[in-house]
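The values are calculated or read from the model by the stated rules, or taken from the named source; none is laboratory data. Bear in mind that the values here come from a model prediction, so they are computed numbers and not experimental data. Because the Cβ atoms are built from the backbone with ideal geometry, glycine has one as well, and the counts that use them run over all protein chains shown. Please note that ligands, DNA and RNA were not included when accessible areas were found on the heavy atoms of the full protein model with its side chains. Shrake-Rupley method; radii C 1.70, N 1.55, O 1.52, S 1.80 Å.
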Amino acid sequence: MTIPPDSSPQLSGYAHPERLVTTDWLADNLGTSGLRVIESNEDILLYDTGHITGAIKIDWHTELNDPVIRDYVDGEGFSALMERKGISREDTVVIYGDKSNWWAAYALWVFTLFGHPDVRLLNGGRDAWISEGRELTREIPAEKPTDYPVIERHDGEIRAFKEDVLSHLGKPLIDVRSPEEYSGERTHMPAYPEEGALRGGHIPTARSIPWARAAKEDGTFKSAEDLAELYIAQQGFDPGAEVITYCRIGERSSHTWFVMKYLLGFESVKNYDGSWTEWGSAVRVPIHTGDQPGEVS
Amino acid sequence: MSPSLPEGLASIRDDFLALDIPERLQLLLEYSDNLPEVPEGTVEEGHWEKVEECQSPVFISVLSMGDAVTVLATAPPEAPTTRGFASILVHGLKGMTRQQILDTPPDFPLQLGLQNAVSMLRLRGMSGMLWRIKRQVESSTSL
């Protein structure tokens, strides 16, 4: 890793503390050569209203997705994006964002599909930075194009497709949406727009663990002990087991994916990014309604 | 492109379409910064309608005096995109009559050339605002 990890005791209990930085660490390291800070938000203009000095914006909707196929950019697209944003393969990348880092975690997950070696999340995200009264700027950093190699995207390890989920049924599957979406009362988040799933409910056998249960009130992650209590003690998940997470389009489940993979150290965690907008409308796949997981039919 | 777009909305549309995509976002930000504040007491308690299609807490209210209609909106600063959408409608519909507002094409949000700049998903919020405004205008007419 280019820049030494944050050695804060706050992070030391996690399985991979090198994937997370505190606001103190970021403030101390801003401007360090080889550090690139990225803001990735639900609201595409939020960055423009003020961001951490030197941070650049990457938007999940318009920059990480392929414009034609429902998929992420390919190796060439990612390389071109990194070059445009001035990011080198050797850079330490720290990502932060609004909404408790949902979109930041989603961006980090996409960086991981391309195996970017050192990519970290800012614990607590944009809200933590602002609530501590730290400085924001509207100044957009000057572009400094870089060379970034074309790396083939590796979906196999951390991404699940519908077929993978079908053959996974019976193994740990986590639905991180709200209880109302899980039961089938609604197909979208409370207070969020309808995003076009034909049916409400969840994937049979999926356990309901809303993403927010992994976060504290201030948006930072819960302690390693509390997370282990939630996912391992209460749910009985084995850190050696294969786990798949999903939500509506894969953004909230990236948050839980990050928790299970890097904070708890589960060996195999995949995010099903097709999530409910695909499953809830797909032909010939089973669903289950109500507050119980249901069984494999 | 709809030939029947009223002048206020047409000039906003033309301003957006004259710009490159990154500049369209900056113009949206300007609108966001310029959403008119609604003085306390202007809208009676319970007369704000929440726009459920938006991902942020945004509320609209339509005040009618005879044939004149005023569209009001509030949205928090931490939701600048939503504020920008609301501001475009508040400015664009200013001075319009009931009928002109009801005749506004429902696809106006799609005419601004923002699909690639902010994504279709986010634009749905603006469509939601527009139809809620029209519905409020309609129900106030029937009183």
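Tally up the carbon and sulfur contribution to the accessible surface of segment B:1-114 as a whole percent, 1.4 Å probe, everything protein left in place. Display every interim value, and only then the final one.
Working: 3010 of 5600 Å².
After summing per-atom areas, the C and S share lands at 54 percent.
For B:LYS50, list the lysines whose Cα falls under 23 Å from its own Cα; do not include residues on the same chain fewer than 8 positions away.
Of all the lysines, those that pass the test against B:LYS50 - Cα under 23 Å, at least 8 places apart if same chain - are A:LYS99, B:LYS94, B:LYS134.
Over the Cα atoms of segment B:1-54, Rg to Rh with Kirkwood Rh, two decimal places? Could the numbers behind the result be given before it?
Numbers: Rg = 15.4 Å, Rh = 14.1 Å.
Rg/Rh: 1.09.
Rounded to whole Å and sorted largest first, what semi-axes of the equivalent ellipsoid does the C-alpha gyration tensor of chain B yield via the square root of 5 times each eigenvalue?
Working: eigenvalues 107, 64, 33 Å².
After scaling each eigenvalue by five and taking roots: 23, 18, 13 Å.
In degrees between 0 and 90, to the nearest 10, how far off the longest principal axis of chain B does helix B:120-141 point, with axes built from Cα atoms?
For helix B:120-141, the angle is close to 20 degrees.
Counting only heavy atoms of protein chains, what accessible area per residue, in Å², does chain A have with a probe of 1.4 Å? Intermediate values should be presented prior to the final figure.
Working: 11930 Å² over 297 residues.
I get 40 Å² per residue for chain A.
With solvent modelled as a 1.4 Å probe, how much accessible area in total do chains A and B shield from it at their shared surface, in Å² to the nearest 100? Present the calculation step by step, with values, prior to reporting the outcome.
Numbers: alone 12770 and 7840 Å², together 18910 Å².
Chains A and B together bury roughly 1700 Å² of accessible area.
Using 1/(1 + (r/R0)^6) with R0 = 56 angstrom and r between the beta carbons of B:ARG135 and A:SER33, what's the FRET efficiency to the nearest 0.05? Walk me through the intermediate numbers first.
Working: r = 56 Å, r/R0 = 1.00.
That pair, B:ARG135 with A:SER33, gives E of 0.50.
List the chymotrypsin sites (Phe, Trp or Tyr not before Pro) within segment A:219-297 that fall in a DSSP loop (any state other than H, G, I, E or B) and whose Cβ has at most 14 other Cβ atoms within 10 Å. Intermediate results must be reported in sequence, preceding the final value.
Numbers: sites: A:PHE221, A:TYR231, A:PHE237, A:TYR246, A:TRP257, A:PHE258, A:TYR262, A:PHE266, A:TYR272, A:TRP276, A:TRP279; in loops: A:PHE237, A:PHE266.
Here no chymotrypsin sites (Phe, Trp or Tyr not before Pro) fit, given the DSSP loop and packing criteria.
Can you give the Rg to Rh ratio for the protein assembly as shown, taking only C-alpha atoms and Rh from Kirkwood?
On the way: Rg = 22.8 Å, Rh = 23.2 Å.
When Rh is taken as the Kirkwood radius, the ratio is 0.99.
Starting from the residue with the highest accessible area, list B:SER119, B:SER139 in decreasing order, probe 1.4 Å. Intermediate results must be reported in sequence, preceding the final value.
On the way: B:SER119 15, B:SER139 65 Å².
Order by accessible area, largest first: B:SER139, B:SER119.
Most mobile of B:SER87, B:SER64, B:SER32 per a Gaussian network model of chain B (Cα springs, under 10 Å)?
Result: B:SER64 has the largest fluctuation of those listed.
Of all the accessible heavy-atom surface of chain A, with the other protein chains kept in place and a 1.4 Å probe, what percent is carbon and sulfur? Don't jump to the answer; show the numbers that get you there.
Details: 5790 of 11930 Å².
Taking all protein chains in place, chain A shows 49 percent carbon and sulfur surface.
Which residue, A:THR23, A:THR137, A:THR49, has the most motion in a Gaussian network model of chain A that connects Cα atoms within less than 10 Å?
A:THR49
With angles folded into 0 to 90 degrees, how steeply does helix B:21-33 sit against the dominant principal axis of chain B? Use alpha carbons for both and round to 10.
30 degrees
For Cα pairs less than 8 Å apart in space and 6+ apart in sequence, what is the mean separation divided by the residue count of chain A, i.e. the relative contact order in percent? Don't skip to the end; give the middle numbers.
Details: 602 pairs, mean separation 59.9, N = 297.
It rounds to 20 percent for chain A.
For segment A:1-67, what does the alpha-carbon gyration tensor say about shape, rounded, prolate or oblate, given a ≥ b ≥ c as the root eigenvalues, a/c under 1.5 as rounded, and a/b over b/c as prolate?
Details: a/c = 2.13, a/b = 1.69, b/c = 1.25.
Cα axes put segment A:1-67 in the prolate bin.
What residues does segment B:98-136 have that are buried by at least 50 Å² of accessible area in the full protein assembly compared to the chain on its own, 1.4 angstrom probe?
B:LEU121, B:ARG122
How tilted is helix A:75-85 with respect to the longest principal axis of chain A? Cα atoms for both, answer in degrees (0 to 90, nearest 10).
40 degrees
Would you be so kind as to list the residues of segment A:41-77 that have their accessible area lowered by at least 50 Å² in the full protein complex compared with their chain by itself (1.4 Å probe)?
Residues of segment A:41-77 that lose at least 50 Å² of accessible area once the other chains are added: A:ASP43, A:ILE44, A:LEU45, A:HIS61.
Which of the lysines could a cross-linker bridge to A:LYS144, judged by Cα under 21 Å and excluding same-chain residues fewer than eight apart?
A:LYS57, A:LYS85
Taking amide H positions as placed in the peptide plane 1.01 Å from N, state which residues far from A:SER88 in sequence (5 or more) or on other chains have amide H under 5 Å from it.
Sorted by chain and number, the residues that satisfy this come to none at all.
Give me the 1.4 Å probe accessible area per residue for chain B, excluding ligands and nucleic acids, in Å². The partial results should precede the final answer.
On the way: 6990 Å² over 143 residues.
Result: 49 Å² of accessible area for each residue.
For A:SER253, what is the net charge nearby, where nearby means another residue's Cβ is under 10 Å from its Cβ and Lys, Arg count +1, Asp, Glu -1?
Numbers: positive: A:ARG177, A:ARG248, A:ARG252, A:LYS270; negative: A:ASP175, A:GLU251, A:ASP273.
Net of charged neighbours comes to +1.
Just to make sure I understand: if all protein chains stay in place, what is the order of A:PHE161, A:PHE114 by accessible area at 1.4 Å, largest first?
Values: A:PHE161 85, A:PHE114 5 Å².
Putting A:PHE161, A:PHE114 in descending order of accessible area: A:PHE161, A:PHE114.
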